[in-house]
Amino acid sequence: MVSSGTWQELVGRGRQAHYRRGAVLLGQGDRAESVIALSEGTVKVTQVTEVGAALTLMLRGPGEVLGEMGVILDRPRSATLVAVSHCRASVIAARVFLECLNQLDLVPAVYRLAVDRMRHTEQLRMDLVSLPPAARIARVVLHLALEVGRPSRDGLSVELGMPREELAAMAAVGRSSAVPLLRRLHEEGVLELNRARLTVRDISRLEEAACDPGLPEREL
């Protein structure tokens with residue numbers, strides 16, 4: 001988002017905080033009194049709809065500024081952030097962050113961040129409308145891997161922190177359909193999935209699966 005020097009100066013304006021897995025960093029509907037600069041770990045962005053359904057929207061990783069739009073617009077939090085792994089962050093008071101926008105010349109970076117997030121979200125939403133279930137699952141996994149995946153010995157690893165039901169819901173696919181689709185990708189050596197972590201072993205084949213509108217599901 002910004003240079004390492006600017007990031008360190010921004011982080012230094014707040015108080016250091018550590019969050020255990022499952023801890024809530026920000027709550028939907030709460031007053032936006034601070035911004036979180038995430039230095040380590042992964043968080044899950046969730047939202048409760050008007051009918052009371054909880055949806056997982058995305059994962060965010062190190063180097064991300066979180067909760068900034070609520071502070072800038074002076075509006076309640078639009079989503080909840082939950083730690084899916086141990087997280088280390090700097091909690092920056094709203095007033096201090098607003099001062100930093102000009103002092104550290106953050107306005108262009110924050111604008112790009114907001115536009116990029118909106119573009120990625122809209123693109124994923126369009127994909128989920130137009131693609132069949134198998135490709136939707138692959139597209140969501142690919143999106144998560146590219147957003148928060150970390151290089152490991154076996155590929156790109158993603159701290160999920162969510163059950164398969166939530167992963168399926170992100171792809172607008174029922175769990176009964178998602179499980180065999182994920183199993184197939186596992187058996188083909190594309191990915192490895194356990195309760196806490198997903199590892200993409202073959203990114204090229206995952207990209208192919210995410211773009212294939214004709215992936216046959218009857219063979220699952």
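At what distance in nm do the modelled label points of R21 and S130 sit from each other, each positioned 7 Å from its Cα along Cα→Cβ?
Placing both labels 7 Å along Cα→Cβ, they lie 3.7 nm apart.
Return the long-range amide H neighbours of R197 (sequence gap of 5 or more, or a different chain), with a cut-off of under 5 Å between placed amide H atoms.
For R197, whose amide H was placed from the backbone, the distant partners under 5 Å are L160.
On a C-alpha basis, how far is the centre of segment 40-87 from the centre of segment 185-209 in Å? Whole number, if you could?
The two parts, judged by their Cα centres, are 25 Å apart.
How large is the accessible surface per residue of the chain, computed with a 1.4 Å probe and reported in Å² as a whole number?
Per-residue value: 53 Å².
Which net charge results when you count Lys and Arg as +1 and Asp and Glu as -1 among the other residues whose beta-carbon is under 15 Å from that of A23?
Computed value for this residue: +2.
Using 0.36 nm per residue, how much length does the chain from Q28 to S204 gain when fully extended, once their Cα-Cα distance is taken away?
Using 0.36 nm per residue and subtracting the Cα-Cα distance, I get 59.7 nm.
How much space per residue, in cubic angstrom, does the convex hull of the C-alpha atoms of the chain take up?
It is 126 Å³ per residue.
Check which residues have an amide H placed less than 5 Å from L25's amide H, if you skip close sequence neighbours.
Close amide H contacts, sequence-distant or interchain: L81, V82, A83.
Specify which residue in the list Q16, V107, L182 is farthest towards the positive end of the charge dipole of the chain, using unit charges on the beta carbon of Lys, Arg (+1) and Asp, Glu (-1), about the Cα centre.
So the residue furthest toward the plus end is Q16.
Which value, in Å² and to the nearest 10, is the accessible area of S3 when all protein chains are kept and the probe is 1.4 Å?
Accessible surface of S3 is approximately 70 Å².
For segment 1-103, just say rounded, prolate or oblate: build the C-alpha gyration tensor, square-root its eigenvalues into a ≥ b ≥ c, call rounded for a/c under 1.5, and beyond that prolate if a/b exceeds b/c, oblate if not.
It comes out oblate by the Cα gyration axes.
All other residues with a Cβ under 15 Å from the Cβ of A79 taken together, and with Lys, Arg as +1 and Asp, Glu as -1, what is their net charge?
With Lys, Arg at +1 and Asp, Glu at -1, the net is +1.
Rank M69, M118, M162 by accessible area, highest first, at a 1.4 Å probe radius? All intermediate terms of the calculation are to be shown ahead of the outcome.
Working: M69 75, M118 135, M162 10 Å².
From most accessible down to least: M118, M69, M162.
Enter the accessible area of L181 (Å², nearest 10), with the probe set to 1.4 Å and all protein chains included.
Approximately 10 Å² of L181 is accessible to the 1.4 Å probe.
How big is the accessible area of I72 in square angstrom, nearest 10, if you roll a 1.4 angstrom probe over the protein chains?
Spelled out: I72, probe radius 1.4 Å, area about 70 Å².
Note down the relative contact order for segment 1-117 as a percent, whole number, built from C-alpha pairs under 8 angstrom at least six residues apart.
On the way: 235 pairs, mean separation 45.1, N = 117.
The normalised contact order for segment 1-117 reaches 39 percent.
So what J values fall out for segment 166-175 if you push phi through Karplus, 6.51 cos²θ - 1.76 cosθ + 1.60 with θ = phi - 60°, rounded to Hz, Gly and Pro as x?
6, 4, 5, 5, 4, 9, 6, 10, x, 4
Relative to the present Cα-Cα distance, how much length would full extension add between E99 and R164 at 0.36 nm per residue of separation?
Extra length from E99 to R164 when fully extended: 19.3 nm.
Could you work out the longest stretch of the chain that avoids the trypsin sites (Lys or Arg not before Pro) located in DSSP loops with at most 10 other Cβ atoms within 10 Å? Don't skip to the end; give the middle numbers.
On the way: sites that count: R20, R153, R195, R218.
Answer - 21-152.
Just how large is the dipole of the chain about the Cα centre, in debye to the nearest 20, putting +1 at every Lys and Arg Cβ and -1 at every Asp and Glu Cβ?
520
Quick one: 3J(HN,Hα) in Hz for segment 24-38, Karplus 6.51/-1.76/1.60 with θ = phi - 60°, rounded, Gly and Pro as x.
Result, rounded to whole Hz: 8, 8, 9, x, 4, x, 6, 5, 7, 9, 7, 10, 10, 9, 7.
Which order do you get for H18, H86 if you rank them by accessible area with a 1.4 Å probe, largest at the top?
H18, H86
For segment 63-220, which whole-number percentage of the solvent-accessible area (1.4 Å probe, protein heavy atoms only) is attributable to carbon and sulfur atoms? Display every interim value, and only then the final one.
Numbers: 4200 of 8180 Å².
Here carbon and sulfur together make up 51 percent of the probe-accessible area.
For segment 39-167, compute Rh as the Kirkwood radius over C-alpha pairs and then the Stokes-Einstein diffusion coefficient at 10 °C and 1.306 mPa s; write the answer in µm²/s, rounded to an integer.
97
Can you give me the relative contact order of segment 66-220 as a percent, contacts being Cα pairs under 8 Å and 6 or more apart?
23
Taking +1 at the Cβ of each Lys and Arg and -1 at the Cβ of each Asp and Glu, which of L156, H86, V65 sits farthest along the dipole of the chain towards its positive end, judged by Cα position relative to the Cα centre?
Comparing the listed Cα positions along the dipole, H86 ranks first.
The values are calculated or read from the model by the stated rules, or taken from the named source; none is laboratory data. Being a predicted model, the structure only gives us computed values, none of them experimental. Backbone-built Cβ (ideal geometry, glycine too); neighbour counts: all protein chains shown. To get the accessible areas, we keep the full protein, side chains included, count just its heavy atoms, and leave off ligands, DNA and RNA. Shrake-Rupley method; radii C 1.70, N 1.55, O 1.52, S 1.80 Å.
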